[in-house]
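One structure is given here, and the rest of the page talks about it.
The values are calculated or read from the model by the stated rules, or taken from the named source; none is laboratory data. Values in this document were obtained by computation on a predicted structure and should not be read as measured data. Neighbour counts run over all protein chains shown; Cβ positions are idealised from the backbone, glycine included.
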Amino acid sequence: MTPPLWLFELLRGADLLVLGYFLALNTFYLVLLACSAPELRQHDLLLKEDHLPRLLSTEMLPAVSVLAPAHNEERSIVASVLSFLTLEYPQHEVVLINDGSADGTLARLVEAYDLYEVPSTARQALPTQPVRAYYRSRRYSRLVVVDKANGGKADALNAGLNAARHPYVLAVDADTLVEPDALLRLGRPFLLGQEVAAVAGTVRVVNACEVAHGRVVRAHVSSRFLAGVQAVEYLRAYLFGRLGWNRLGGNLIISGAFGVFRREFVMAVGGYRASSVAEDMDLVVRLHRYLKERGIRAAMPFIPDPVAWTEVPGRLDVLGRQRERWQRGLLATLWQYRAMLCNPRYGRVGMIAFPFYVFGEALAPVVELLGWALLALGLAIGGVDGAFAPLFFALAYGYGVLLSLLAVALEELSFRRYASVADVGRLVLYALLEPLGYRQITVWHRLRAFVRVARGDLAWGVMQRDGFGAGPAPAAASTAPPATAPDVRRAA
Amino acid sequence: MPNASAGVALLVALAVALGSVLVVLTGTLVAHRVLRERGRDAAISRAEPARRLLAAWATSAAGAAGIAALGELVAALRALPRADALRLVVNATSAQLPRAASAALGAALRDEPWVRHVLRGAGAHAWWRRLEAARLLAIVGGVADAPTLRRLLADPHVAVRAAATRGLRAAADAALVTDVVRALPAQPPSLQRLQTGELCAHPEAAEGALLACLAAPENAAPPPVAPPTPAPPVAALPTVARSAGARSAGALVAWAGLAAALRRPRAAAALLPHAGHADPEARAAVARALGACPSPAALRALGAHLDDPSPTVRAAAAQAAGHLGPAGVRLAAPLARGLADTDGGVRLHTALALAQLGEPGRAALRAARAGGSREARDTALFVAGLSDGALLELAAA
């Protein structure tokens, strides 16, 4: 039986819609890339002959409290805290929040840092799970440990905000490896006289890097496909995604693994929302809303050269849970603050960033699914041109690869963190392979998020980690997995 | 169907073009890395003699050997590409060289052709060329360069102004110091702090300018300081220079910060009339400055600040009283009242201050631990349990 003509017309119309969507989206990514290039150039020029060592002896930079929530991290916690304490910065304290660890995290800290309990002097401005005790160190006067009942990462960060003394806070995951001068580099907007509400730095993939004493000593791209392809994703997300947004109205996401916030503003919006799956994005969107509604001109720039290293999933099931959770967080946040969508009151955040995240990020998996469904239908009814379809796919593939390769090119032209030619080769290889299977897997898990959100399921999952550096770290089963924010999604 | 075949042809053309771009891009990426690594090795070996001489100069600058090495070093730098020489000199003087050695190197380099070329960038359109000039001027500049420094200090790019600020120590004359002090409130906070530090290298001129600014009638510019020599026409420093007499809260905060850094009694005394400024931030800044330059009048003003309606001012006054050490012992009694303050920050700074005042302060803390309000007891217990390092660190913050 020949299908009716209207079905062909409908198919053609839907095809054009999907095609137009992906064309527009990829073109927008090219605009982001075009915006990121001059930003990168500016940072590169400022970095040349930078006075970083001199900054240590000046009072140009504001004091910062480093907030590090930890949950069941007894094996790595001592080294992590030491790496935070030895960050190169004129004035910073470290507030380690033990979020109800069931292992020996606190005992290891007490022993290693000679902790002693002190009475509480912090005002509980943000509600949190009960704090059991505050500790200070006899060896490091800048270390404060907050021991509290388990409440998740957002709750732990709120406890840290209550205990912090300095006007700015750096939120990091306790198992994130922050480069020694990263905090100093994050201070560039302050040096340039910018009024700042938050500053974001780059998060990179630590899998396969050489790590010693809590520091990445030589960066490599993993030879394992899953970790390697995520290195390309992170490059693309940070080097031209985030950087491009600096010129287009500001980022909606500052990674929970590495971002500085002005404490006054975070407290004013009520701190982190413990019920949120994506507490970092939730906070940044609320900050945008707060600043716009009060007419406060404070930027949230992304700075490309300060780097923190994080471990990415090395197994498909863990990756799937992570991507599904990120997508749920994105959907929940966009829904929660939907009043900002296309609302001129919120300036470019409402008119550019928010619509992009709704139509270009959140709905992308749905459109991609629709594209696949239309292809299947077209093949079934003979409505697909035999020459047209493969060529179209070749073009779609090529366009996607082009964006990834351009991100690798930006990395090569700017920071060149990866040590060898082989690493560059791997990045190129993974850029070529990413659209062939990996993308479809991540799209599938993101689609699952729609189902869970429809069921009202907003719980965190379990994040399995392999560990890095000397000796394997325990596979941490956390209610607050130290993963990055939903920031490496890309629709096409 | 001609339309369909035309569409396919178009797609084929696009696919070929895109494929070519991808191949070229991939090849370029790998080739770029290979060539860059070779180029880097060559650059490192090219710069090695100058680097070695610079290290030797850093350790022997003061002696006769250092003087001999300086000539060699200058020649080695001259042989390098301009960008390499600039980077080497700027990085070395930032991180390694003692100030005297840096000054001697700057003087030796001042007339080198590559240095003159970089300094000519002070008038360039591109901000990064002005930035390079400012960075180098901070090393090689002298008083004769004051006009160039003035232009760079008025640059629209903050990074250029910050780099030029480093040149204030060597290249500023009294007129420029005056202008920098007057313009201080117009700078962003980070630059204010940097300029404040550098102005301390010219204490007399900075104090004179500060006194003029603080004494000038509201909304009137302070009397200009005549330059020592007739100055050529140069750029004006930013806007506040025209309305420097206006003691807005922001201006007072900036100038009080300078007074605190200068630690000169006359500057502190000039702040006393502003101790009751309407803005709490300004009162807090004055309190901090008064703590840096103790005098009977400053102690009286600090005592009043301890009872200020604003917790920001009370906390700043308590912190300043603590910095006085035993010299602030007469503030122990009013400070002790602050242990029961409604604001946690005030209580903490009060307890920290008492711990630094000597026996009268410690007695007040013991009394609070034995009785009084729960907040006072907890704060006193907290401070009593602190290690010496933690006490100093908390008190300084």
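Counting the residues of the stretch B:125-148 that are surrounded by 14 or more Cβ atoms within 10 Å (Cβ to Cβ), within 14 Å of chain A (Cβ to nearest Cβ) and not β-branched (Val, Ile, Thr) gives 12. Taking each residue of the stretch B:385-397 that is more than 7 Å from chain A (Cβ to nearest Cβ) and looking for partners that are of a type in the set (Lys, Arg) and part of a loop (DSSP other than H, G, I, E, B) with beta-carbon atoms closer than 9 Å, six or more apart or interchain, yields B:LEU394/A:ARG165.
Check the stretch A:246-268 and report whether any residue there is more than 21 Å from A:HIS166 (Cα to Cα) and charged (D, E, K, R). Yes, because at least one residue in the stretch A:246-268 is more than 21 Å from A:HIS166 (Cα to Cα) and charged (D, E, K, R).
Yes/no per residue for (1) under 17 Å from B:LEU18 (Cβ atoms); (2) among the charged types (D, E, K, R); (3) in contact (Cβ under 8 Å) with a residue 40 or more places away in the chain:
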| site | (1), (2), (3) |
| --- | --- |
| A:PRO365 | no, no, yes |
| A:TRP372 | no, no, no |
| A:ILE381 | no, no, yes |
| A:ALA409 | yes, no, no |
| A:LEU413 | no, no, yes |
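Against the condition within 14 Å of another protein chain (Cβ to nearest Cβ) and either within 27 Å of A:ASP282 (Cβ to Cβ) or modelled with pLDDT of 85 or more (or both), how does A:ARG345 come out, does it pass? No; evaluated as a whole, the condition is false for this residue.
Here B:ARG337 fulfils each of the conditions (1) surrounded by fewer than 17 Cβ atoms within 10 Å (Cβ to Cβ); (2) within 14 Å of chain A (Cβ to nearest Cβ) apart from (2).
Does A:ASN98 satisfy the condition of being among the polar types (S, T, N, Q) and either over 30 Å from B:ALA376 (Cβ atoms) or more than 24 Å from the chain's Cα centre (by Cα) (or both)? Taking the combined requirement at face value, the residue does not satisfy it.
Are any residues in the stretch B:126-163 of a type in the set (Gly, Ala, Ser) and part of a helix (DSSP H, G or I), and if so, which ones?
B:ALA133, B:ALA134, B:ALA138, B:ALA144, B:ALA146, B:ALA159, B:ALA162, B:ALA163
Say whether the condition of being surrounded by fewer than 17 Cβ atoms within 10 Å (Cβ to Cβ), within 30 Å of A:VAL408 (Cβ to Cβ), modelled with pLDDT of 80 or more and aliphatic (A, V, I, L, M) is met by at least one residue in the stretch B:79-86. The answer is yes; a qualifying residue exists.
Quick check on this structure: which one of A:ILE303, A:ILE253 is touching a residue at least 40 places away in the same chain (Cβ under 8 Å), within 26 Å of A:LEU402 (Cα to Cα), of a type in the set (A, V, I, L, M) and part of a strand (DSSP E or B)? Explain how you work it out, then say what you get.
Numbers: A:ILE253 fails: part of a strand (DSSP E or B).
The unique qualifying residue is A:ILE303.
Among the candidates A:LEU177, A:LEU186, the residue that is among the hydrophobic types (A, V, I, L, M, F, W, C), buried (at least 24 other Cβ atoms within 10 Å of the Cβ) and more than 14 Å from chain B (Cβ to nearest Cβ) is uniquely A:LEU177. Kindly list the number of the only condition in (1) more than 19 Å from A:THR86 (Cα to Cα); (2) surrounded by fewer than 24 Cβ atoms within 10 Å (Cβ to Cβ); (3) away from chain B (no Cβ under 13 Å) that fails for A:ALA212. Result: A:ALA212 passes all but (1). Against the definition (modelled with pLDDT of 90 or more and either buried (at least 24 other Cβ atoms within 10 Å of the Cβ) or more than 15 Å from B:GLY257 (Cα to Cα) (or both)), how does B:SER295 come out, yes or no? Judged against the criteria, B:SER295 is not a match.
So that you can scan it fast, the table gives a plain yes or no per residue for (1) under 18 Å from B:LEU25 (Cα atoms); (2) within 14 Å of another protein chain (Cβ to nearest Cβ); (3) of a type in the set (A, V, I, L, M, F, W, C):
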| position | (1), (2), (3) |
| --- | --- |
| A:LEU363 | no, no, yes |
| A:ILE381 | no, no, yes |
| A:VAL384 | no, yes, yes |
| A:LEU391 | no, yes, yes |
| A:ARG417 | no, yes, no |
| A:VAL424 | yes, yes, yes |
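The number of residues in the stretch A:79-124 being free of Cβ contacts under 8 Å to residues at least 60 places away in the same chain and β-branched (Val, Ile, Thr) comes to 5.
In the stretch B:339-395, counting only helices (runs of 4 or more DSSP H) that sit wholly within it, the ones holding 2 or more residues that are out of contact with any strand residue (DSSP E or B) (no Cβ under 7 Å at 6 or more places or on another chain) and among the polar types (S, T, N, Q) span B:344-356. Applying the criterion of being within 14 Å of chain A (Cβ to nearest Cβ) and within 18 Å of B:ALA289 (Cβ to Cβ) to the residues of the stretch B:199-209, the residue that is surrounded by the most Cβ atoms within 10 Å (Cβ to Cβ) is B:LEU199. Checking B:ARG46, B:ARG36, B:ARG40, B:ARG52 one by one, the residue that is in a helix (DSSP H, G or I), of a type in the set (Lys, Arg), within 38 Å of the chain's Cα centre (by Cα) and within 9 Å of chain A (Cβ to nearest Cβ) is B:ARG36 and no other.
Filter the stretch B:177-194 down to residues that are in contact (Cβ under 8 Å) with a residue 40 or more places away in the chain, at the interface with chain A (Cβ under 8 Å from one of its Cβ atoms) and part of a helix (DSSP H, G or I), then give me how many there are.
Counting residues in the stretch B:177-194 that are in contact (Cβ under 8 Å) with a residue 40 or more places away in the chain, at the interface with chain A (Cβ under 8 Å from one of its Cβ atoms) and part of a helix (DSSP H, G or I) gives 1.
Only one of the numbered conditions (1) modelled with pLDDT of 75 or more; (2) within 14 Å of chain B (Cβ to nearest Cβ); (3) more than 29 Å from A:GLU411 (Cα to Cα) is violated by A:GLU59, and that is (1). The number of residues in the stretch B:349-375 being acidic (Asp, Glu) and in contact with a helix residue (DSSP H, G or I) (Cβ under 7 Å, 6 or more places away or on another chain) comes to 1.
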